[in-house]
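Structure, as structure tokens:
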Amino acid sequence: MIDLTIVICTYNRAFFLEKCLNSLLEQTQPSVKFSLIVVNNNSTDSTCHIISSFATKFSNFMFLFAATQGLSHARNAALGIVKTKWVAFLDDDAVAKKNWVDVIFSTIKNDDFDVFGGVYTAWHVLRERPQWFIESWESNIGVAKEYSRLFGGYPSGGNCVYKTDLVREHGGFPVGLGMSGKKVAYGEETKLIDKIRRNGGRVGFVPAMIINHCVLEHKYSLAWRIKRKFALGRDEFYIWPGCKFKKMLKAGSCLVFHAFITPWKSFFKFFWLSNYYWQNMILDIFEPLAYCCGNIFGLCIKTDCFD
């Protein structure tokens, strides 16, 4: 009996999708042990060709086209056809370690968690890592050091496994959150997992469940990293509702602090630390400001659809 379905939602990443699917063919567990659903979310590149070329290589393969743009829409579409007790979501620009499925099966057998995620490491496949680029920006190795239940914090959504019925009972992934085409947005997994945990769900971290996650070219851009911080700040207030006045006051105070204090600290580090580059100084100054501005922006627009 098959207890696990792996879902890969993809949008214009044919090059990486091929590598991702190959990593699932190379698992220590044969593909007959799991189902695979690949969701094409309006790709305009050669994604359809890649999907077709792999369709006969897996024992239990399903293809789905999701016309409504957005990662949450694509994931929810896949949930509509999942027939197994467990569902795993794997990012289309990642490759799974050869024992990834084996670790998932072992964790399911232990019955310690209702939701669990693992490690993602920075995969610099497109170019050499710049000296100023801090590895932890694109890795979660430091989240937890051992197999454990998470009473705070959240596993990575691109390397995460859920009890299928539990996801459905909690309404699936909130469609107002998450990546959508070229729009940078976050929080859909966090919102869902937060709901599950509040209702008694056991959330876990499994360090042996490892994927290598590609650092895409745009992620080496200072502008993108600042834009990312703005999106994180904005989406934080979609995830956790609360008193808008208090949150606005806090965001405003933080903005003033970072506008006047952070630049001086960054200038000091730039002149005194040998491994601190001008790119790090720019990010240290502008990322906190972008995050605070994102906070304020998120508080100023209607958020009913995210509750």
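Suppose the filter is within 21 Å of A88 (Cβ to Cβ), of a type in the set (D, E, K, R) and surrounded by fewer than 16 Cβ atoms within 10 Å (Cβ to Cβ); does E169 pass it?
Against the criterion (within 21 Å of A88 (Cβ to Cβ), of a type in the set (D, E, K, R) and surrounded by fewer than 16 Cβ atoms within 10 Å (Cβ to Cβ)), E169 qualifies.
Do you know which of the residues in region 56-113 that are part of a loop (DSSP other than H, G, I, E, B) and among the acidic types (D, E) is surrounded by the fewest Cβ atoms within 10 Å (Cβ to Cβ)? Here the answer is D111. Would you confirm whether any residue within region 228-249 is aliphatic (A, V, I, L, M), modelled with pLDDT of 85 or more, in contact with a helix residue (DSSP H, G or I) (Cβ under 7 Å, 6 or more places away or on another chain) and buried (at least 17 other Cβ atoms within 10 Å of the Cβ)? The answer is yes, given that some residue of region 228-249 is aliphatic (A, V, I, L, M), modelled with pLDDT of 85 or more, in contact with a helix residue (DSSP H, G or I) (Cβ under 7 Å, 6 or more places away or on another chain) and buried (at least 17 other Cβ atoms within 10 Å of the Cβ).
The lone criterion from (1) at pLDDT 95 or above; (2) within 22 Å of S43 (Cβ to Cβ); (3) basic (K, R) left unmet by K183 is number (1). All conditions in (1) at pLDDT 90 or above; (2) in contact with a strand residue (DSSP E or B) (Cβ under 6 Å, 6 or more places away or on another chain); (3) of a type outside the set (D, E); (4) in a loop (DSSP other than H, G, I, E, B) hold for F133, with the sole exception of (2). Taking each residue of region 106-124 that is over 30 Å from L216 (Cα atoms) and modelled with pLDDT of 95 or more and looking for partners that are among the β-branched types (V, I, T) and not in a strand (DSSP E or B) with beta-carbon atoms closer than 9 Å, six or more apart or interchain, yields F113/T107; D114/I196. Checked against (1) buried (at least 21 other Cβ atoms within 10 Å of the Cβ); (2) assigned to a helix (DSSP H, G or I), N22 meets all criteria but (1).
Just one of the numbered conditions (1) buried (at least 16 other Cβ atoms within 10 Å of the Cβ); (2) over 15 Å from the mean Cα position of the chain (by Cα); (3) modelled with pLDDT of 95 or more is not true of C160: (2).
From G152, G117, grab the single residue that is surrounded by fewer than 16 Cβ atoms within 10 Å (Cβ to Cβ) and small (G, A, S).
On the way: G117 fails: surrounded by fewer than 16 Cβ atoms within 10 Å (Cβ to Cβ).
Criteria check complete, one pass: G152.
Take the conditions closer than 29 Å to D284 by Cβ and either more than 14 Å from the chain's Cα centre (by Cα) or in contact (Cβ under 8 Å) with a residue 12 or more places away in the chain (or both) and apply them to P130. Does it pass?
Numbers: closer than 29 Å to D284 by Cβ: yes; either more than 14 Å from the chain's Cα centre (by Cα) or in contact (Cβ under 8 Å) with a residue 12 or more places away in the chain (or both): yes.
It is true that P130 is closer than 29 Å to D284 by Cβ and either more than 14 Å from the chain's Cα centre (by Cα) or in contact (Cβ under 8 Å) with a residue 12 or more places away in the chain (or both).
Residues of region 77-105 that are over 19 Å from G157 (Cβ atoms) and in contact with a Gly (Cβ under 9 Å, 6 or more places away or on another chain): none at all. Every condition in (1) surrounded by 15 or more Cβ atoms within 10 Å (Cβ to Cβ); (2) over 25 Å from the mean Cα position of the chain (by Cα); (3) assigned to a helix (DSSP H, G or I) is met by Y276 except one, and the failing one is (3). Just wondering, is there one or more residues in region 28-37 that are part of a loop (DSSP other than H, G, I, E, B) and more than 24 Å from I104 (Cα to Cα)? Looking for residues that are part of a loop (DSSP other than H, G, I, E, B) and more than 24 Å from I104 (Cα to Cα), one finds none in region 28-37, hence no.
The values are calculated or read from the model by the stated rules, or taken from the named source; none is laboratory data. Note that the structure is a prediction, hence the values are computed from the model and not measured. Neighbour counts are summed over all protein chains in view; Cβ atoms, including those assigned to glycine, are modelled from backbone coordinates with ideal geometry.
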